[in-house]
Amino acid sequence: MKQAIIAVSCISAFFLASCMNQSDNSSSGSTLPTPPGRTFDESYDMLHKNLRSDAGFQDCMQRQRNTCAIQSVTERARTKDDVAICDELSEENFRDNCKQMIVLAQAQKTGDESRCNILSGSSKQGCVTSIVINKAVQSWDVKLCDKIESVSWETAIMGRDYKNQCVLKVIQTSEKSDIKSCELLDGNFQNECKQIIEMKKRQMESMKRFNEKTENPAR
């Protein structure tokens, strides 16, 4: 009897530690610990019936089950590169988050924003915007930013703003950008662009003076 009480106390401590450190377990991928030689169900069955029926304990267990399910399904979907695996999750928001992660990874890998079409709403918008901006910056091609407006946005202004952000990033990274490039932008984005161009100009002039001093040191 004494050994059984000790065993139940140890198992209870395991569950309690898991719930109190749920955020740590979520990031590390660990699951509820069970004593060696016992399955999860066997360990659970050893808990006192009052604890198993406790509302707080059940809530803790549900959150832990959700965490384990999300981690397991998302990792399997990522490893097998198969977004359909996300449908194994029971709740819609969990499925959507899983699909968004897998589809975005696929689109980034291929550079094909059409992969985002499997998504909808803000998930699709975010996926397309991310891929288009990356491609535009890498190629220094502001024309690619037009693709952002082709996505169905809640308002035309939202699509236009994200396009402006894309153009601004290209101007910011391109060596060929000048003050005239800012004319491609709207309103406040133009002002921000001009500040960026002026700052880049000062940095280049400072670097040029530094190089001249290095190449021709004073005698």
If I filter the stretch 61-77 down to residues being within 21 Å of ARG115 (Cβ to Cβ) and in contact with a Cys (Cβ under 9 Å, 6 or more places away or on another chain), which single residue comes out as surrounded by the most Cβ atoms within 10 Å (Cβ to Cβ)? ALA77
Would you point out which residue out of SER174, SER139 is in contact with a Phe, Trp or Tyr (Cβ under 7 Å, 6 or more places away or on another chain) and polar (S, T, N, Q)? SER174
Residues being in contact with a helix residue (DSSP H, G or I) (Cβ under 8 Å, 6 or more places away or on another chain), among the β-branched types (Val, Ile, Thr) and at pLDDT below 90: count how many of those fall in the stretch 77-100. 1
If you go through VAL103, VAL137, the only one that is under 30 Å from GLU183 (Cβ atoms), of a type in the set (Val, Ile, Thr) and at pLDDT 90 or above is VAL137
Exception for THR110 within (1) within 30 Å of ARG78 (Cβ to Cβ); (2) of a type in the set (Val, Ile, Thr); (3) touching a helix residue (DSSP H, G or I) at 6+ places or on another chain (Cβ under 6 Å) falls at (3)
Restricting to helices (runs of 4 or more DSSP H) lying wholly in the stretch 106-219: which have 1 or more residues that are free of Cβ contacts under 8 Å to residues at least 60 places away in the same chain and closer than 30 Å to ALA84 by Cβ? 121-139, 146-149, 156-173
May I ask you to list the residues in the stretch 162-195 that are closer than 18 Å to CYS145 by Cβ, of a type in the set (Val, Ile, Thr) and surrounded by fewer than 18 Cβ atoms within 10 Å (Cβ to Cβ)? THR173
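Which one of ILE157, ILE102 is surrounded by fewer than 15 Cβ atoms within 10 Å (Cβ to Cβ) and not charged (D, E, K, R)?
ILE157
Quick check, is ASP146 farther than 30 Å from GLN125 by Cβ and loosely packed, with under 14 Cβ neighbours inside 10 Å?
Numbers: farther than 30 Å from GLN125 by Cβ: no; loosely packed, with under 14 Cβ neighbours inside 10 Å: yes.
Taking the combined requirement at face value, the residue does not satisfy it.
The values are calculated or read from the model by the stated rules, or taken from the named source; none is laboratory data. Predicted model, so just to flag it, every value in this text is computed and none were measured. Quick reminder, even Gly has a Cβ in these numbers, built from the backbone with ideal geometry, and neighbours come from all protein chains shown.
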